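Have a look at the structure below, then the notes.
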Amino acid sequence: MKQIGNIMRYIVIVLLDIAVMLVFHSYINFLLLIGLILFPVYSFVGVMQARDKLSVRIEAPFEPMVRGEEFDVRFIITNESWFPLVNVNLELDVSNIFYGNLGKHVLNIPVRAKKETKVTYPVVMEYCGRFHIEVSGISLMDVLGIRELKKKVNESAECLVLPCGIERNKEAGQIYLRGITEAMESKERGYDFSDVTGIREYIPGDKLQDIHWKLSVKKDELMVKERVNMSAMQLNILVDISNDENMCAEGVLELSDSVTKAFVTRNMPFTVHYYSSNVGELRSCYINNEIERRNWIEMMMYDSCYSGDIDLEASFLIKNPGGGSYLYIGRINGDIVDEDAILGDKMTAAILKNGTV
């Protein structure tokens, strides 16, 4: 419709020029008429040449960004032809792959001839995840605005956007110590939490509950299960990244960032477990320092959240018979005891639990 309007306006201009030329017998209007007749040819040929020699490159920050902070995405459009383009539309697909959200935008820019045109596109992510932007196509309009050509493009860039939770050092330290204490007490009661590192001969002073009775009968001598030293014990953390209409996964991510950052700051090692949609099972990461912690969060951002159909705790307990103490970070289901929980946003909490299969 817009092209038809531009054609009608151009025809009116040509007719007016012809009328003026006939009335005043103007040589200048005659030359102008020739130009008006030839100009559409120049415009149509120019847009065709530019389409074949137009390319786009996208630059996004290499380092992960923080949710809520503005960062820039740059588009570099190179036009190697001699024809400038007044009206170029970049068709953009913008998505957060972690949440599966997709939006479409159109960026309209003029492009110079034989030069690079650089455009900065400011972005602020409302949610954490993996920001992905792709130029799916380019729409080029000739100078007269009459002829539109399209070109398929497959250029993309992405950037991780990480959570930034508030400081919870005191709360996290207290809940960690309670979790370790419960685990140590359970060990004293004789539970086997799959922390056996080897089998050796009995040494006077070894505890009776550590004796491997079946193997001792076969070897006709006492054999003892060698366990992890108490100082090497660490807390298991279950991060439930299932999502709902209230975007509870966002609250889980921020709370997980706060709690795990506090643990690392206090030199408290832990193992984090979460369900990976990419591999279809639980993934576990042992965290002992800030580099390992950030690597885990970034790895989780390359995964995706899921619906609430997966029972993370049941899956964990099946792999860890006996359960022991673990810290569950996820949606709140029912009442919680304040001293065993740290409350987060969007109806989420970090809750210290003890479970068995």
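What the table below lists for this structure:
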read-out: Any pair with Cβ under 7 angstrom, 6 or more apart, that starts in the stretch 336-353 at a residue that is more than 11 Å from residue 171 (Cβ to Cβ) and part of a loop (DSSP other than H, G, I, E, B) and ends at one that is modelled with pLDDT of 90 or more and of a type in the set (Val, Ile, Thr); value: 336/351
read-out: Tally of residues being of a type in the set (A, V, I, L, M) and either in the same structural domain as residue 306 (by TED's automatic domain parsing) or within 30 Å of residue 278 (Cα to Cα) (or both) across the stretch 97-113; value: 2
read-out: Subset of the stretch 68-83 [buried (at least 17 other Cβ atoms within 10 Å of the Cβ) and touching a helix residue (DSSP H, G or I) at 6+ places or on another chain (Cβ under 8 Å)]; value: 79, 81, 83
read-out: Where a residue in the stretch 99-126 is within 15 Å of residue 73 (Cβ to Cβ) and charged (D, E, K, R) and its partner, wherever it lies, is modelled with pLDDT of 95 or more and surrounded by 12 or more Cβ atoms within 10 Å (Cβ to Cβ), with Cβ under 6 Å and at least six apart; value: 118/76
read-out: Filter result (hydroxyl-bearing (Ser, Thr, Tyr) and exposed (fewer than 14 other Cβ atoms within 10 Å of the Cβ)) within the stretch 285-306; value: 286
read-out: Subset of the stretch 140-165 (residues that are polar (S, T, N, Q) and modelled with pLDDT of 95 or more); value: 156
read-out: Which numbered condition residue 99 fails, given (1) over 44 Å from the mean Cα position of the chain (by Cα); (2) within 30 Å of residue 244 (Cβ to Cβ); value: (1)
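Matching residues to (1) modelled with pLDDT of 80 or more; (2) under 30 Å from residue 131 (Cα atoms):
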site: 305; (1), (2): yes, yes
site: 311; (1), (2): yes, yes
site: 322; (1), (2): no, no
site: 325; (1), (2): yes, no
site: 330; (1), (2): yes, yes
site: 333; (1), (2): no, no
site: 336; (1), (2): no, no
site: 339; (1), (2): no, no
site: 343; (1), (2): yes, yes
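The values are calculated or read from the model by the stated rules, or taken from the named source; none is laboratory data. Everything numeric here is computed off the predicted structure, so don't read it as measured data. Quick reminder, even Gly has a Cβ in these numbers, built from the backbone with ideal geometry, and neighbours come from all protein chains shown.
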